[in-house]
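**Q** First the structure, then my questions, so here it is.
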Amino acid sequence: MCGIAGYVGQRNAVDVVLDMIKRLEYRGYDSTGIAFPVDGELRILKRAGKLSELKAVVDDENPSSHQAIVHSRWATHGAPTDLNAHPHYDHGARIALIHNGIIENYIELKEELVRHGHIFQSETDSEVAAHIVGQEYQEGVPLEEAVRRAVKKLRGAFAFVVVSVDEPDKVVCVRNASPLVIGFGKDGENMVASDITAMLPYTKQFAILENDMVAVVTPDGVKVTNLNGRPVDLETFEANYDVKSAEKGGYDHFMLKEIHEQPDVVRQCLAGRLSEKTVTLDGLFSDHVWQEIDRVNIIACGTAYHAGLMGKYLFEKMLQLPTDVHFSSEFRYGEPILSPRSLAVFISQSGETADSLAALKLCQQHRIRTLGIVNVVGSSIAREVDKVLFTQAGPEISVASTKAYVAQAIVLMLLGIHIAQKKEMPGVRTADLVQALRNFPDAVQEALDLEGQMQEIAKKFADSSLVFFLGRRADANIALEAALKLKEIAYIPTQECPAGEMKHGPLALIDQGTLAVFGATDKEIREKLVSNIKEIQARGGHVLALTGNDDDSLDKIAEDVVKLPPCDDPYLDALVSIVPLQMLAYYMAKERGCEIDQPRNLAKSVTVE
Ligand code: F6R
């Protein structure tokens with residue numbers, strides 16, 4: 001989604017904001033733009049395409065300024081062109097604005113503005129916001145008051161940052177649903193951005209701007225008010241990760257770095273949550289609430305949805321707790337049957353996914369208990385749910401999610417054990433599960449040693465026109481996630497389904513040289529896969545099987561076999577198989593020369609519907 005950054009202070013603001021927006025590249029974008037004052041005018045430079053295009057034109061001018069705003073746009077209203085790029089400018093008012101989100105009533109507002117003589121350059125809803133602020137500003141009020149007044153006229157989800165030529169050393173920002181974080185510098189500098197990552201080299205002190213708050217950021221301080229102009233206090237906090245953790249750390253791509261971080265991510269995720277034989281999750285519901293809960297609805301999108309499917313497998317197998325998994329985008333417009341004894345679990349890396357947030361609001365209207373499994377502290381979902389469990393995976397920069405998925409699945413297992421403890425289920429061998437969890441980081445580490453083999457396999461199959469991902473039970477869930485990874489970063493079409501479904505249709509797609517990847521970690525039904533494998537081979541397909549390193553039953557059957565460390569639990573046995581499959585996707589994408597960290601058409605944080 002769009003990235004926003006603004007800076008006022010002693011340094012060259014142009015350099016600072018360009019560096020900040022670079023750190024937000026992971027959010028996905030298709031154009032960028034910058035505004036800064038020069039000789040009593042706002043200089044605005046905008047370019048479709050990569051940030052390097054903008055940098056080239058900025059470098060030509062070699063500007064210096066103590067106030068600047070910058071934006072990376074992910075097109076929603078209007079194509080990714082120079083004109084549609086932000087900042088948007090109101091000539092009459094001499095202000096520039098950058099925006100993240102959607103203004104729903106922009107058409108009617110635009111018609112009204114046009115009637116009053118406003119001229120528009122772009123097709124965007126954001127330019128309308130600039131003119132609405134401009135219209136108020138021309139009444140002669142301070143910029144922050146113009147912003148407060150404008151917000152009252154706008155409908156939708158948005159955050160924006162505004163500067164005026166006539167109020168130097170001041171950046172005004174407002175938040176309504178789209179994320180915005182204030183960064184407090186030390187020596188006469190302050191800043192704002194869509195998230196903390198952008199500001200880590202400049203400060204460690206932050207505050208999340210809440211909905212309907214307006215902040216005036218100047219070199220000397222940050223003043224925050226509500227929409228009525230009344231001062232409000234912001235709670236500041238220190239970021240618990242440093243700039244290094246948001247950089248590539250020697251790897252070619254963030255994705256590979258994040259894959260390699262997974263043993264530590266699991267350790268971090270388990271930290272403080274395991275005692276010798278039990279799980280301790282602080283701050284959740286009281287005991288009688290757990291007794292009451294008789295159904296779980298897991299609601300999420302994409303990779304987080306796939307983690308949710310693992311949760312369903314686990315909760316139903318281990319706890320006999322009926323669990324449904326919903327796509328947030330379907331749930332929000334469906335007519336979900338929500339009993340008062342159910343629990344709604346929202347899984348989200350970013351905590352800002354618009355569909356998941358809307359689904360959360362729906363559950364709140366139904367007065368359903370809500371629990372978030374979220375990575376980003378201070379994000380909207382984390383703050384809105386009744387209770388939250390953080391995945392503690394650290395910042396995930398690659399658009400394709402890897403470590404967040406594994407952390408989500410681990411938190412679901414912790415939650416399952418927690419529920420078993422609370423419901424006093426003697427049949428659940430929690431001590432064994434706790435031990436299996438404790439050993440899991442080492443298993444993930446061992447799985448990383450498969451990198452060389454996965455690289456070789458990736459080379460062999462990088463030109464595939466279609467790849468199947470198959471498995472049964474938990475392996476079928478992993479197949480969905482592995483397929484998503486491959487298609488999103490290597491742009492190879494995939495077909496994923498439970499292996500038993502093949503002969504009901506998808507088998508028709510198999511021909512000479514098709515690659516079929518089988519997850520075969522489930523000992524209980526491994527035999528059932530053999531006939532599925534044979535069906536594919538009989539039609540000329542090539543089989544890659546992933547199985548435990550204690551199993552040799554597929555050695556003579558599949559053409560390629562990847563041996564995984566055993567994890568003493570079927571859920572974890574399946575989960576560890578995602579590690580080599582992430583590497584398979586990564587190396588196939590690399591062979592094909594794909595961008596990897598920022599796949600085409602995709603954004604890291606989907607903050608619009
Ligand atoms: C795929 C991926 C996406 C996200 C989805 C939900 O690799 O990352 O499918 O999982 O957009 O995002 P969050 O978890 O931030 O709600």
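**Q** What GluC sites (Glu not before Pro) does segment 407-483 have in DSSP loop regions with at most 15 other beta carbons within 10 Å?
**A** 424
**Q** Give the peptides 594-600, 258-264, 219-225 in descending order of average Cβ contacts within 10 Å, highest first.
**A** The most tightly packed comes first, giving 258-264, 594-600, 219-225.
**Q** On a 0 to 90 degree scale, rounded to 10, what angle separates helix 526-538 from the longest Cα axis of the chain?
**A** Between the helix axis and the principal axis of the chain, the angle is about 80 degrees.
**Q** Please give the peptides 407-417, 139-149, 305-315 ranked by average Cβ packing (other Cβ atoms within 10 Å per residue), highest first, as a rough proxy for protection.
**A** Top to bottom by mean Cβ count within 10 Å: 407-417, 305-315, 139-149.
**Q** In units of 2.2 N^0.38 Å, what is the alpha-carbon radius of gyration of the chain?
**A** Rounded to two decimals, the normalised Rg is 1.02.
**Q** For segment 102-191, what is the percent of antiparallel DSSP beta bridges, rounded to the nearest 5?
**A** 90 percent
**Q** Related question: With a cut-off of 8 Å between alpha carbons and a minimum separation of six or more residues, what is the relative contact order of segment 456-599 in percent?
**A** Computed over segment 456-599, the figure is 30 percent.
**Q** Give the ranking of 74, 290 by solvent-accessible surface, highest area first, calculated with a 1.4 Å probe.
**A** 74, 290
**Q** Over the chain, what is the relative contact order in percent, taking alpha-carbon pairs closer than 8 angstrom and at least six residues apart?
**A** RCO, the chain: 12 percent.
**Q** Hey, another quick one. Using the basic label-point model (7 angstrom from Cα toward the beta carbon), what is the residue 463 to residue 365 distance in nanometres?
**A** Simple spin-label model gives 5.4 nm for this pair.
**Q** If contacts are Cα pairs under 8 angstrom and at least 6 residues apart, what is the relative contact order of segment 3-239 in percent?
**A** Relative contact order comes out at 20 percent.
**Q** Give me the percent of the accessible area of the chain that comes from carbon and sulfur atoms, probe 1.4 Å, all protein chains in place.
**A** The C+S portion of the solvent-accessible surface of the chain is 47 percent.
**Q** Another question, then. May I ask you to compute the full-extension gain from residue 169 to residue 549, defined as 0.36 nm times their residue separation minus their alpha-carbon distance, rounded to one decimal in nm?
**A** Value of the extension gain: 130.5 nm.
**Q** Around residue 157, which amide H atoms from residues at least 5 apart in sequence, or from another chain, sit under 5 Å from its own amide H, with H modelled in the peptide plane?
**A** 102, 104
**Q** At 7 Å along the Cα-to-beta-carbon direction for both residue 120 and residue 429, put a label point, then send me their distance in nm to one decimal.
**A** 6.5 nm
**Q** For every helix of n ≥ 4 consecutive DSSP H residues, a contribution of -39,500 (n - 2.57) applies; sum these over the chain, divide by its total residues, and give [θ] at 222 nm rounded to the nearest 500 deg cm²/dmol.
**A** When only DSSP H runs of four or more count, the value is -11000 deg cm²/dmol.
**Q** How large is the charge dipole for segment 363-428, taken about the Cα centre, if only the Cβ atoms of Lys, Arg (+1) and Asp, Glu (-1) carry charge, to the nearest 20 debye?
**A** 160 debye
**Q** Taking θ = phi - 60°, what integer Hz values does the Karplus form 6.51 cos²θ - 1.76 cosθ + 1.60 yield along segment 434-451, in sequence order, with x for Gly and Pro?
**A** 3J(HN,Hα) across segment 434-451, in whole Hz: 4, 5, 4, 5, 4, 7, 4, x, 5, 5, 5, 4, 4, 5, 5, 5, 7, 3.
**Q** May I ask you to derive the FRET efficiency for residue 56 and residue 227 from their Cβ-Cβ distance with R0 = 35 Å, giving the value to the nearest 0.05?
**A** Between residue 56 and residue 227 the formula returns 0.30.
**Q** Which angle from 0 to 90°, rounded to the nearest 10, does the C-alpha axis of helix 302-319 make with the longest principal axis of the chain?
**A** The angle comes out near 40 degrees.
**Q** Let me ask you something else. Nearest-5 percent of antiparallel DSSP beta bridges in the chain?
**A** Percent antiparallel among DSSP bridges in the chain is about 60.
**Q** To continue, here is another question. Name the residues whose placed amide hydrogens come within less than 5 Å of the amide hydrogen of residue 373, ignoring near sequence neighbours (fewer than 5 apart) on the same chain.
**A** Here 346, 347, 348, 389 satisfy the definition.
**Q** Taking amide H positions as placed in the peptide plane 1.01 Å from N, state which residues far from residue 5 in sequence (5 or more) or on other chains have amide H under 5 Å from it.
**A** The list, which skips near neighbours in sequence, is 70.
**Q** Dimensions of segment 248-448 along principal axes (Cα, Å, largest first)?
**A** The principal-axis extents, from largest down, are 49, 39, 25 Å.
**Q** Next question. Could you tell me what percent of the DSSP beta bridges with both partners in segment 449-609 are antiparallel, to the nearest 5?
**A** 0 percent
**Q** Using r as the Cβ-Cβ distance of residue 236 and residue 442, and R0 as 41 Å, what FRET efficiency do you calculate, to the nearest 0.05?
**A** 0.60
**Q** Taking the mean number of other Cβ atoms within 10 Å as a proxy for protection, how do you rank 458-470, 174-186 from highest to lowest?
**A** 174-186, 458-470
**Q** Can you tell me the dipole magnitude for the chain around its Cα centre, using point charges on the Cβ only (Lys, Arg +1; Asp, Glu -1), in Debye to the nearest 20?
**A** Using Cβ point charges on Lys, Arg, Asp and Glu, the chain gives about 860 debye.
**Q** Could you go through segment 269-275 in sequence order and give the Karplus-derived ³J(HN,Hα) for each residue, using 6.51 cos²θ - 1.76 cosθ + 1.60 with θ = phi - 60°, rounded to whole Hz, and x for Gly and Pro?
**A** So the Karplus estimates, Gly and Pro as x, are 5, 7, 3, x, 10, 10, 9 Hz.
The values are calculated or read from the model by the stated rules, or taken from the named source; none is laboratory data. Quantities reported herein were computed from a predicted structural model and do not represent experimental measurements. In this analysis, Cβ positions are derived from the backbone assuming ideal geometry, glycine residues included, and neighbour counts consider all displayed protein chains. Ligands, DNA and RNA are stripped out before the accessible areas are found, and what is left, the full protein with its side chains, is counted by its heavy atoms. Shrake-Rupley method; radii C 1.70, N 1.55, O 1.52, S 1.80 Å.
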